[in-house]
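Visitor: Pasting in a structure now, in structure tokens, and then I'll have a few things to ask.
The values are calculated or read from the model by the stated rules, or taken from the named source; none is laboratory data. These figures come from a predicted structure and were not determined experimentally. Cβ: placed from backbone, ideal geometry, glycine included. Neighbour counts: every protein chain shown. The area values use the complete protein model at the heavy-atom level, side chains included, leaving out ligands, DNA and RNA. Shrake-Rupley method; radii C 1.70, N 1.55, O 1.52, S 1.80 Å.
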Amino acid sequence: MIKKRKKKKVDFNLNDIIEKEIKHNSLRRYFPKSFELISKDLANKETKDHKDFTNIPFVTIDGEDSKDFDDAVWSINDNNSSKIMIAISDVSYFVKKNDPLDKEARKRGNSFYFPDRVIPMFPEEISNNICSLVPNKERACIVVEIEMYNCKIINFNIHRAKIISTARLTYQEVDQIYYTNLEKNKNFKIIRNLFETYKKLKKISEKRNKINFSSEEFQIIKKKDDKDFFLKKKDNLESYKLIEEFMILANENVAKYLKSNNLNSIFRNHEKPRDEKIKDLQKLLKENNIYKNEKFNTQKDFKNVLSRINKSNVFINDFLLRSQSKAYYDNKNIGHFGLGLDYYTHFTSPIRRYSDLNVHRDLIDHFFNKKKNNNEFSLSEYLTIQEKKSESIERKVMERACCLYIKNSKKKYFIGIIDGIESFGIFIRSLDLPFSCLARTKYKDFKKKGDYKKPIINYKLGQRVSFKIKRNDISSGKILAHNVKII
């Protein structure tokens, strides 16, 4: 009699999960040693041709763990007038096209972010020091200067300038300083001005019907002992939206300049939802009695539905978001549907996205030297692929980390909503943690009616259910559920 071999028990930790994704995707994590010497030489490069904007009190606003500061902001308001300056690291001044650093960055396409590390597009000496807008250090930047009157842009200019960031602020700090009216804080006046400008930019966004989806995002937080972690919902801070509006403003106006001068650069496109997705969405809205003949050809239709969402149908927000097309890079500009913009590009993150660095070069060459660059379509296509890879890795790490967290917590019962129904089962999205699972349907769940089988339980999208975890596979990030009960 042959004995069956027992499956070897595999113990996972967060590091194992991350390492597996890095290896599986063949990420380029190391740089040649020769880059160290190149970086040291670049650190001594003078910025004598850059304008002196060091008297302007720019600040950076980023996450607590950020080290690569691409952007700094400043604004001032006087009644109906606003002056805005958005400083973006001038990476193109240090990294020249087709030099060794550039070729390596192009291959990577973007930086890859993990809960405990970053695989940067450039060596850390460049991304975290030479090009990072760290506080109290003179740094080379491309500064977008915009003047507004009555929420309309009346002047747009671009400068190659050197700045000194006066503070490295976090989103949490900025919200706290502003909303507690902390006037004693040395950055209070700067922050107050930024918020006053943000309110005006928000009005402009609302007027053009920018779609604002609300979604709960989780982040993996490593504990101090470095062996364990927990999952935390990201705070819904207004300072996130503030920086978003400032960056959108810069990206839009740079795209307008590129397009108006017929530059073959890299644009960031977002198309209208496809017809099949619109039909599925309309069907769902009808089932939940909140459909009012929306065609979803305009942003306004999405905004109208979002305004009718309440606690009983909050799940619809996810379906609205899921109906959207994926944004992509292209040499032709078609605009950004979600933002309600006719022109859009990525310009504000040249340290961590190669697309932005490429746009910098196109902008600088034409604006200052009246020279037109030529970009291959294959580059835009490749950068879209690398971006998708980054998003896929982030999603898989979260799925597997969530499986590991559930195993360690030994929790088995959860609450969720049905967000997919197929002949083989129902998909449930947990409301407690960032995971989805499949509950397979069995023969006993159906009864014969005529020539076909009808489900005994009439499941509907958006239904709130309780369920128990049946199988939790950390290696794949897949979870099976059973004992599903409608609440």
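Visitor: Would you calculate the separation in nanometres between label points at ILE415 and PHE213, each defined as 7 Å from the Cα along the Cα-to-beta-carbon direction?
Guide: Rounded to a tenth, the inter-label distance reads 2.4 nm.
Visitor: To the nearest Å, what is the center-to-center distance of the stretch 223-297 and the stretch 388-420, using C-alpha atoms only?
Guide: Spelled out, the Cα-based centre of one part sits 22 Å from the other.
Visitor: Pop a pseudo-label 7 angstrom from the Cα along the beta-carbon direction at both ASP280 and SER307 and give the gap in nm to one decimal.
Guide: So the label points at ASP280 and SER307 sit 2.7 nm apart.
Visitor: Let me ask you something else. Kindly express, to the nearest 10 degrees and within the range 0 to 90, the angle between helix 377-409's C-alpha long axis and the longest C-alpha principal axis of the chain.
Guide: Tilt of helix 377-409: around 50 degrees.
Visitor: Please report, in whole Å³, the volume per residue of the convex hull around the C-alpha atoms of the chain. Don't jump to the answer; show the numbers that get you there.
Guide: Details: hull volume 101.5 nm³, N = 487.
Value for the chain: 209 Å³ per residue.
Visitor: Okay, moving on. Calculate log10 I(q)/I(0) of the stretch 179-280 for q = 0.13, 0.14, 0.16, 0.24 Å⁻¹, where I(q) comes from the Debye formula with a single equal point scatterer on each Cα and nothing for solvent.
Guide: Summing over Cα pairs of the stretch 179-280 leads to -0.82, -0.91, -1.03, -1.25.
Visitor: For a paramagnetic label modelled at 7 Å from the Cα of ASN80 toward its Cβ, which residues of the stretch 145-167 fall within the zone defined by backbone nitrogen distances under 20 Å?
Guide: 146-156
Visitor: Taking every pair of alpha-carbon atoms in the stretch 296-343, give the share separated by more than 14 Å as a whole percent. If you can, show how the numbers build up before the last one.
Guide: Values: 657 of 1128 pairs.
Value for the stretch 296-343 (Cα pairs over 14 Å): 58 percent.
Visitor: Using a probe radius of 1.4 Å on heavy atoms only, what accessible surface per residue do you get for the stretch 75-181? Whole Å² is fine.
Guide: Numbers: 4320 Å² over 107 residues.
For the stretch 75-181, the solvent-accessible area averages 40 Å² per residue.
Visitor: Continuing with the same structure: Relative to the compact globular guide of 2.2 N^0.38 Å, what is the alpha carbon radius of gyration of the stretch 150-198, as a ratio?
Guide: Numbers: Rg = 13.8 Å, N = 49, 2.2 N^0.38 = 9.7 Å.
Relative to the 2.2 N^0.38 Å estimate, the stretch 150-198 comes out at 1.43.
Visitor: Throw me the Rg/Rh for the stretch 95-159, computed over C-alpha atoms with Kirkwood Rh, two decimals. If you can, show how the numbers build up before the last one.
Guide: Working: Rg = 16.6 Å, Rh = 14.8 Å.
In the stretch 95-159, Rg relative to Rh is 1.13.
Visitor: Just grab the label-to-label distance for HIS482 and LEU237, each label 7 Å out from Cα along the Cβ direction, in nm (one decimal).
Guide: 4.5 nm
Visitor: Let me ask you something else. Fully extended, how many nm does the chain gain between SER466 and LYS96 (0.36 nm per residue separation, minus their Cα-Cα distance)?
Guide: Numbers: separation 370, 0.36 × 370 = 133.20 nm, distance 5.67 nm.
Extra length available between SER466 and LYS96 comes to 127.5 nm.
Visitor: Starting from a Cα-only point model with no solvent, please compute log10 I(q)/I(0) by Debye for the stretch 356-435 at q = 0.16 1/Å.
Guide: One equal scatterer on each Cα of the stretch 356-435 leads to -0.78.
Visitor: Applying 1/(1 + (r/R0)^6) with R0 = 41 Å to the Cβ-Cβ distance of LYS292 and ILE385, what FRET efficiency is obtained, to the nearest 0.05?
Guide: Details: r = 39 Å, r/R0 = 0.95.
E between LYS292 and ILE385, to the nearest 0.05, is 0.60.
Visitor: State, to one decimal in nm², a quarter of the convex hull surface area for the C-alpha atoms of the stretch 33-174, i.e. the direction-averaged projected area.
Guide: Numbers: hull surface 40.6 nm².
If I average the Cα hull's projected area over directions, I get 10.2 nm².
Visitor: So what's the projected area for the stretch 295-449, the Cα convex hull averaged over all directions, in nm²?
Guide: On the way: hull surface 60.5 nm².
Averaged projected area of the stretch 295-449's Cα convex hull equals 15.1 nm².
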